[in-house]
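Undergrad: Sharing a structure below in structure tokens format, with a few things to ask.
The values are calculated or read from the model by the stated rules, or taken from the named source; none is laboratory data. Small disclaimer: the values here were computed from a predicted structure and weren't measured. Cβ coordinates were reconstructed from backbone atoms using ideal geometry, including for glycine residues, and neighbour counts include every protein chain displayed. All accessible areas refer to the heavy atoms of the entire protein, side chains included, with ligands and DNA or RNA removed. Shrake-Rupley method; radii C 1.70, N 1.55, O 1.52, S 1.80 Å.
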Protein chains: 2
Amino acid sequence: MSRLNYHHLYYFWQVAKGGNLTETAQRLHISQSALSSQIKQLEQSMQVQLFNRQGRKLVLTDSGYQTLKYAEDIFSRGAELEQLLQQGMQPQRSPIRIGALATMSRNFIESFIAPLLATADSRYSLLSMNQTALLNALAGHQLDLALSNIAVQGNDSQLWQCRLLARQPVAVIGPPGTAQTDNLAEYQQRRWVLPPVQSPIRTAFDALAAQYQLQPDVVAEADDMAMLRLLARDSGALTVMPEVVVKDELQSGRLVKYLTLPQVYENFYIITTQRDLLHPQLTQLLQAFSPAGG
Amino acid sequence: MSRLNYHHLYYFWQVAKGGNLTETAQRLHISQSALSSQIKQLEQSMQVQLFNRQGRKLVLTDSGYQTLKYAEDIFSRGAELEQLLQQGMQPQRSPIRIGALATMSRNFIESFIAPLLATADSRYSLLSMNQTALLNALAGHQLDLALSNIAVQGNDSQLWQCRLLARQPVAVIGPPGTAQTDNLAEYQQRRWVLPPVQSPIRTAFDALAAQYQLQPDVVAEADDMAMLRLLARDSGALTVMPEVVVKDELQSGRLVKYLTLPQVYENFYIITTQRDLLHPQLTQLLQAFSPAGG
DNA sequence: AATAATCGTTCACATAAAGAGAACTATGAG
DNA sequence: CTCATAGTTCTCTTTATGTGAACGATTATT
């Protein structure tokens, strides 16, 4: 039992799609006999029956159907590659394409790509999208890498590789000039701007709030970190978010950290396809970020 | 410029992964010279430089990197197929695997697979999951087909095929014995159970409610149709949902339709991978459902 | 700086695989 | 029954793949 012969598989694919040997042979400009024997060889080497010879018709077996699906996958990828190669493939160095969840902190993303900015000759393109679009784009090679704060659960046949890039402690942040304390309960009179109920941060916050018997007066919710940042800056309300989101405002004193929530973290993940080969320049990016570090 | 040679591509893949010709040649049990010439042939036939010969090292070019990614994709799929074929591939007819969005109406799903139930010898397995998992499973061949009420937007390079299978008018449904009218405003005093704010149905309902100056008293929200159905049945509140969800209850008179919302539809989509080959038995299922019909 | 070891390329030649074409078999339409 | 059609099987030719030795060029060693 030898290795899978892609040449044979190609012919099988062509025939299975058409369902007809003679026609396919004409289309491919080879003789039927060649096609016939190649497919037979595939069946023999793989020890599987791909077609049922019903009368003078070729009918896909169940195994044949399964195989066809894989072949479809394989050769349409191949066709994409061919097209890419034949249209010349832009000669200048193609940019590194990084996708990021649209709701993530821009500051965090910026800190991630900082090493790329330092390198003079590297080009990259950054795209914001939702989690589903992120995974689609990865699968379709529109992205080299995705950044997200939502993990992808590992399937049986791992399609995605998802690793923890960094975790940020989550803090209560608000305008300066008010008494700061590390006791949540003291913020009963304050107004709050929070991430939405489904989010992990909110869930953690709500649990803590319940524990401290705090009933927060929620004036606004937003899942977008950029939006949260604006609200934190301009609403006068307290917010709950990773510090990195309002890094600049904390530095300038426009906002201050009230307290860091214990045991609550925002996780940042880097997602690639399982068959993971990183763009050479990306390897150094990852090394800059020690796992679970900042 | 001939067609892409998968044999050449395979060797390129192996070498590019290892970065080393000699080692790879030994691993594959062929001579370096063979490897060298095959790769050179690939470069010539595709008219692209895959490696830069720097000193006595082979360094991937940018085009080479792109190509490698496709090759990785192609041959890991191939490896999966090989494994599947070599482990014998379960001889009994493999079941048709249908994935459905966990929040969809079970009645609708049942009506979709009804033709399969009628066929004695067909086996199928039904799996509930979220939209992301659905797409993952499709991409990884764990599913033949997915049912969802969320469309997948078409990317540039179409990965998914998403077609409208059916659309159901959405109705206000509630317990019998109260005056029915087709004027939304008359339901001001009622309690409501509604889909969550992000959902298309809710958005449409809210717009209508605003138009009729109805401020609904929302006692519960749920995105799961099975859950909504239970709430509709047991809460005494009014609900907004496609009729099919509570088909049985409407028939038995336990619930009644108050009014059908104009221009509001719940859409049901069937999602497959773009390189779309349907399981023979699925073709008939689709024909049973005329597009935009019931 | 000289030397040895390593790695990729090139050549002539051997071997294996793909393909052509005729003869053959079986099926289905008229 | 007969003929056209579709797939299989055979022999033979052509093409592609692979080998091993010689070569050139680069890196490491002393």
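Undergrad: Provide a single number: the residues in the stretch B:40-63 that are small (G, A, S), at pLDDT below 90 and assigned to a helix (DSSP H, G or I).
TA: 1
Undergrad: Do any helices (runs of 4 or more DSSP H) entirely within the stretch A:174-267 hold 2 or more residues that are under 24 Å from A:I109 (Cβ atoms) and free of Cβ contacts under 8 Å to residues at least 24 places away in the same chain, and if so, which? Full working, then the answer.
TA: Numbers: elements: A:200-211, A:225-235, A:247-252.
Those helices (runs of 4 or more DSSP H) span A:225-235, A:247-252.
Undergrad: Further question: Out of the stretch B:38-77, which residues are among the small types (G, A, S), more than 16 Å from DNA strand D (Cβ to nearest atom) and farther than 17 Å from A:Q86 by Cα?
TA: Result: B:S76, single match.
Undergrad: Mind listing just one residue for me: the one in the stretch B:49-61 that is of a type outside the set (S, T, Y) and within 11 Å of chain A (Cβ to nearest Cβ) and, of those, surrounded by the most Cβ atoms within 10 Å (Cβ to Cβ)?
TA: This residue is B:L50.
Undergrad: Name the pairs whose Cβ atoms lie under 6 Å apart, with the first residue in the stretch A:67-81 and within 14 Å of B:L159 (Cα to Cα), the second of a type in the set (G, A, S) and at pLDDT 90 or above, and 6 or more positions between them or separate chains?
TA: A:I74/B:G78
Undergrad: Next question, about the same structure. Is it true that some residue in the stretch B:133-154 is in a strand (DSSP E or B) and more than 11 Å from the chain's Cα centre (by Cα)?
TA: no
Undergrad: Among the residues of the stretch A:198-234, which ones are small (G, A, S), within 25 Å of B:Q198 (Cα to Cα) and crowded, with 17+ Cβ neighbours inside 10 Å?
TA: A:S199, A:A204, A:A222, A:A232
Undergrad: If we keep just the residues of the stretch B:5-37 that are more than 11 Å from DNA strand D (Cβ to nearest atom) and outside any helix (DSSP H, G or I), which is nearest to A:L85 (Cα to Cα)?
TA: Result: B:G19.
Undergrad: Among the residues that make up the stretch B:28-48, is at least one of them of a type outside the set (A, V, I, L, M, F, W, C), under 36 Å from the mean Cα position of the chain (by Cα) and facing chain A (nearest Cβ under 9 Å)?
TA: Checked against the condition, which is being of a type outside the set (A, V, I, L, M, F, W, C), under 36 Å from the mean Cα position of the chain (by Cα) and facing chain A (nearest Cβ under 9 Å), the stretch B:28-48 yields no hits at all.
Undergrad: For the stretch B:1-57, which positions are over 21 Å from B:R77 (Cα atoms), in contact with a helix residue (DSSP H, G or I) (Cβ under 6 Å, 6 or more places away or on another chain) and in contact (Cβ under 8 Å) with a residue 40 or more places away in the chain?
TA: Once the filter is applied, which keeps residues that are over 21 Å from B:R77 (Cα atoms), in contact with a helix residue (DSSP H, G or I) (Cβ under 6 Å, 6 or more places away or on another chain) and in contact (Cβ under 8 Å) with a residue 40 or more places away in the chain, the stretch B:1-57 yields B:S2, B:M46.
Undergrad: Mind checking whether some residue in the stretch A:79-98 is open to solvent by less than 30 Å² (accessible area, probe 1.4 Å), more than 16 Å from DNA strand D (Cβ to nearest atom) and closer than 30 Å to A:Q168 by Cα?
TA: yes
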